[in-house]
Amino acid sequence: CSRLVVLTCSCLTAWGHYDVCKSQIYTEDGLAWDYMACQPEATDMTKYLRVTLDPPNITCGDPPEMYCALENPYMCNNECDASTEELAHPPELMFDFEGRNPTTFWQSSSWRKYPKPLQVNITLSWNKSIELTDDIVLTFESGRPEQMVLEKSLDFGRTWTPYQFYATDCLDAFTMEPKTASELTQLTLLDIICTEEYSRGYVWKNDKTVRFEIKERFALFAGPRLHNMASLYGQLDTTKKLRDFFTITDLRIKLLKPATGATMVDENNLSRYFYAISDVKVQGRCKCNLHANSCVFDKGRLGCECEHNTTGPDCSRCKKHYHGRAWSVGSYLPIPKGTANICDEVKGSASDGAAVTRTVSALSTGIPSMNGPVRKSLNFSARMLCDVPQ
């Protein structure tokens, strides 16, 4: 075996981060690349989405409208007017910086067409495969919906599958037995459940969040504090259905029934019933098939900065002249470097001898920093795009 001496300028961080795609090592044959599985850092993905509402005219304020508090029908001091910035509640306010006082939020029109259902589809689109790394959290400024569905798409919105159902009464709303994420097991992790945990009425008005529990599902393999990530990575490596479960291109929030706080709707004061969302959290990373540690947002699109002689938005194919072996997704195992599964150069191709391959003994310059050629992809100012069809 050749004697190996690691000469990297930036050392690998703690195992499990997979933030370095390659490093230079010294062998008896000279300098060579040592390739590793890599992925971008997790970040707030709401900065890069496009939001669409259906119906498109469901946002309040056109015409202006006065709203009343759910718990007190005589407290009517919430005005919505789309023509006045201070009184408007457009959808982009679901994704702005939280912590302002007063809170900013999107708000729907009221249930003035009762008994016709007040239903809204909020679609979040990235035009890119995203891997979720933390809970999806919706924060409601109004009461939490009595009926709601969270859906996902893996094919850019062409088809949809449910992630989770939410209701005050799962049997009545969806003919499903109520469950919680804490009841799931390794064998039932992919089951679609209906939970009543996040649909309480206005009595619990301090409880404003609705969650889809990603980390609780991770913990079924990695342990309650996610210390045993090797176990989770092993499952993600070998079970495509599990990988796909945590991968999305789009999310859809289907608001089916607003909070009423009672068994009967007060038809004399329908301005008490509406939806209002102050914050949406989606934490994740670009899916790069473990072939990139950087993802760039350029001209309104996300794309991986592919390494390992791969190419494409998700690094899902080999570059030209690098089909020496079939493309394959990288592997998290063995810990801590994983397996890069790089695309090999086709010997005798036009690029043979011109491109940098495994052996780089011909390099006469110093070793480049691993951070040099990688653009700081998601650390720039990116404006969230709001697309409300007319």
Restricting attention to region 135-165, which residues are over 26 Å from Glu65 (Cβ atoms), buried (at least 17 other Cβ atoms within 10 Å of the Cβ) and among the acidic types (Asp, Glu)?
-> Asp135, Glu151
Among strands (runs of 3 or more DSSP E) lying entirely in region 208-304, which contain 1 or more residues that are surrounded by 17 or more Cβ atoms within 10 Å (Cβ to Cβ), of a type in the set (Val, Ile, Thr) and without any contact (Cβ under 8 Å) to a residue 40 or more places away in the chain?
-> none
Could you pull out the residue among Ser142, Ser182 that is of a type in the set (Ser, Thr, Tyr), in a loop (DSSP other than H, G, I, E, B) and farther than 25 Å from Tyr332 by Cβ?
-> Ser142
Some residue of region 192-203 being surrounded by fewer than 15 Cβ atoms within 10 Å (Cβ to Cβ) and either at positive phi or modelled with pLDDT under 95 (or both) = yes
Which residue, of Asn341, Asn309, is polar (S, T, N, Q) and out of contact with any Leu (no Cβ under 9 Å at 6 or more places or on another chain)?
-> Asn309
Residue pairs qualifying under the 7 Å Cβ cut-off, at least six apart or on distinct chains, with the first in region 24-37 being at pLDDT 90 or above and the second being aromatic (Phe, Trp, Tyr) and assigned to a strand (DSSP E or B), are Gln24/Trp33
When you go through (1) small (Gly, Ala, Ser); (2) assigned to a loop (DSSP other than H, G, I, E, B); (3) under 30 Å from Pro40 (Cα atoms) one by one for Ser125, which number turns out not to apply?
-> (2)
Does Glu213 satisfy the condition of being within 16 Å of Gly261 (Cα to Cα) and modelled with pLDDT of 95 or more?
-> no
Arg200 being assigned to a loop (DSSP other than H, G, I, E, B) and touching a residue at least 40 places away in the same chain (Cβ under 8 Å) | yes
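The values are calculated or read from the model by the stated rules, or taken from the named source; none is laboratory data. Given the structure is predicted, the values throughout are model-derived calculations rather than measurements. Virtual Cβ from ideal backbone geometry, glycine too; neighbours counted across all protein chains shown.
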